[in-house]
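Contents: one structure, followed by commentary.
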Amino acid sequence: MKNIKQKIIYIIICIVAMLLFFLKLSNNDAKTFDIYIQGFLLIMVLILGGVLYFKRNLNSKFKIGLFLVALALFVSYPIYSDYLLHSHDIEFNLMRINGIKSALEIFQIPARIYPLVNNGYGYAVPMLYPELFLYLPAILRLLNTSIEFCYKILLIFINIASVFSMYLAVKNISKSKSAGIVGSIIYATATYRLVTVYTRGAIGETLALSFLPLVIWGLYELCLGDKNKWYIFVIGITCVIQSHILSLISTFIIFAVICLFFIKNIIMQKRYSKFILAFVIIVLVNLWFIVPFLDAYSLDLAVKARPEEEDPGYTFGTHNVIPSQLFNVFDDLSSYRDSNDSYYGIENEMNLSIGLFCLIGVPLCLIYCIKIKDNKSNNLYKMIRILTFLGILFLLLSTSIIPWKDLEESYKIINWLSTTMQFSWRFLGPATVAIVMTMSIIIGEYVDSKYRKKANFIENYRIIFEIGFASIVIFLIITAPYSKQDKYEIAYFNPVPYGEYYLEGTETEKFIEEQYNVSDDWILIDKYSKNGNKIVLDYINHVGNGYIEVPLLYYPGYEAKDENGKKLDISCGNNNVIRIELTEKKSGTITVQYKEKLIYCIADIISLITICVLIIYRIKNSKSLNKKFKKVLH
């Protein structure tokens, strides 16, 4: 009888939920696909709710997975509105999503040049800025979902990736589920991570921080653990490469410090062969991005110009953390200004703290490292020490304690690092990751040793509940003003927010749509058509030597052919557009379009083959392990 009542209650809940959904559907005036995806998600939630409601004896992995998803959805609450809340880089990110979508529409796979940006002149962001994870919202855009909805799905994906990555890394290093859960809670609500997601909208950096725990886990396995798990390091580094190039600098520091600390272990146990294997595979897997990147970066790009030539304050010397800001743990996320100009002080600057728990974690980790006995055989204690060192190192590097201005003037390498990374507070990200991992390992060890024997579930996990509750309270305090801000983004604009990937000297005000130029009035254009980044024109050349300039920015991969398929020479013309060289008097048809270079295609194929081989290897390896395990059981 009780089961029948439960089923009836659940069916009524489902019916009410579906009726409310169909009511919303009937009132939906927007011609977008959002509502249907929302309906699909609602059905999935109802099915999942039914499984949880009627089947209590669920697998522990399934329960933890649900908890992590729920945690990620909870910290995504600031985006649960009809609008997009304003952030520093939101226009750039919306442009990227729409840019990939427009490239896919003309079957440019992978996307290399946005065909519709800059009044149709194009923009080669994908060659210079990794965008693998932006294909998810871009594909949703192809299904006619709104740009706002796609961006929100991307943010939810980032939050889910962050909590799962931290949980898996901490759990596998410490061999403790409790530690993994603690790490995921603290990291999900960590202040700097929330700042990068919501205040800055720094999607690339946030994605890189999401996968940084996997890099550290991979290094642990290569240096101390199971060296045959080198693929963890490959996955972590690949995800960072495909997220944010600048984050590779922090990743390299982590790699260098951990490897130097464990160099004896690496050499004595002959682990270096797995490092070599991992790096070879990393290069092969990412070759499809690396080759076009190096080719495009060889051009005279605006991004390569020294920032101090245009803005003397765009360096570590002025964009750093004043130590007192680290303790402003209750500053909300709504402040916009991101530089500590001495004239304005630090009032109204964005939150540059690592958060309350991370601040508490620093002395906790130091005390633990001092108190524990020097046990050379315990790999976990070694990892705790090195992560504590890395956390404190990155904290110091982020602050004005380091005399950055003097160092920039004295050392070229520091000047390059400063002008490339621009903001020393970027180091708060890896500092947060290192401190959260160390702190959660210590707490997890304490929970497992002190409370596991108790029969009461609440007593067993009391500390985890307390940490979770405190994290949520602080999270709500710092996000509440942000979620009520009066600045919203509801549209996508064609102009490019930043011009890093133009060639030097490009003047954006001259991007006049469908405008072509000729070197002589006696070079006549009869017919002209443009579709994406393909232009077809009929011409009559009465003068011989001359040129035609078309409204496409000059980037690697464009080619021009005449009506017979003969390639014509192209070069960089006025305002860095494509110039087609003419050498003889004649009339004919010219087709200009982007076509992947042969070397790009080869790189694509190598990466694809490498990925397929790795998947096959992993499947076969897992099958053989299962067979061995079954033999042991029998």
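Rule-based calculations on the coordinates, nothing more; no lab input. The structure displayed is predicted, hence computed values, not measured ones. With ideal geometry, Cβ positions are generated from the backbone for all residues, glycine too; neighbour counts draw on all protein chains shown.
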Exercise for review: Multiply the residue separation of Val473 and Tyr83 by 0.36 nm, subtract the distance between their alpha-carbon atoms, and state the gained length in nm to one decimal.
Suggested key: 137.9 nm
Check your understanding: Fully extended, how many nm does the chain gain between Lys229 and Ile139 (0.36 nm per residue separation, minus their Cα-Cα distance)?
Key -> 29.2 nm
Practice item. Take Glu509, project a point 7 Å from its Cα along the Cβ direction, then tell me which residues of the range 530-555 have their backbone nitrogen under 15 Å from it. Key: none
**Study point:** Gained length - Gln269 relative to Asn379, 0.36 nm times residue gap less alpha-carbon distance
**Key:** 38.2 nm
**Study point:** Distance violations [Cα-Cα > 29 Å] among Lys304/Lys405; Lys274/Lys595; Lys304/Lys586; Lys175/Lys620; Lys152/Lys534; Lys101/Lys566
**Key:** Lys274/Lys595; Lys304/Lys586; Lys152/Lys534; Lys101/Lys566
Point to revise | Alpha-carbon centroids, the range 205-243 and the range 252-269: separation in whole Å | key: 15
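Could you compute the FRET efficiency for Ile540 and Lys561, with r as their C-beta to C-beta distance and R0 at 22 Å, rounded to 0.05?
Computed FRET efficiency for Ile540 and Lys561 comes out at 0.80.
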**Study point:** Förster-model FRET efficiency, 25 Å R0, Ala302 and Ile599, C-beta, rounded to 0.05
**Key:** 0.55
Practice item. Considering Cα pairs under 8 angstrom that are at least six residues apart, work out the relative contact order of the range 142-261 and quote it in whole percent. Key: 21
Check your understanding: What is the distance, in nm, between label points placed 7 Å from the Cα along the Cα-to-Cβ direction at Trp416 and at Ile106?
Key -> 3.6
Review point. So, in nm, how far is label Asn119 from label Ile606 when the simple model puts each one 7 Å beyond its Cα toward the Cβ?
Key: 4.0
Practice item. With label points built 7 Å along Cα→Cβ from the Cα atoms of Asp521 and Glu500, find their separation and express it in nm. Key: 4.6
Point to revise | Per-peptide average of other Cβ atoms within 10 Å, ordering 112-121, 77-86, 183-192, 359-368 highest first | key: 183-192, 112-121, 359-368, 77-86
Study note, to complete from the structure: In order over the range 247-252: 3J(HN,Hα) from phi, Karplus 6.51/-1.76/1.60, θ = phi - 60°, whole Hz, x for each Gly or Pro, gives 5, 5, 5, 5, 5, 5
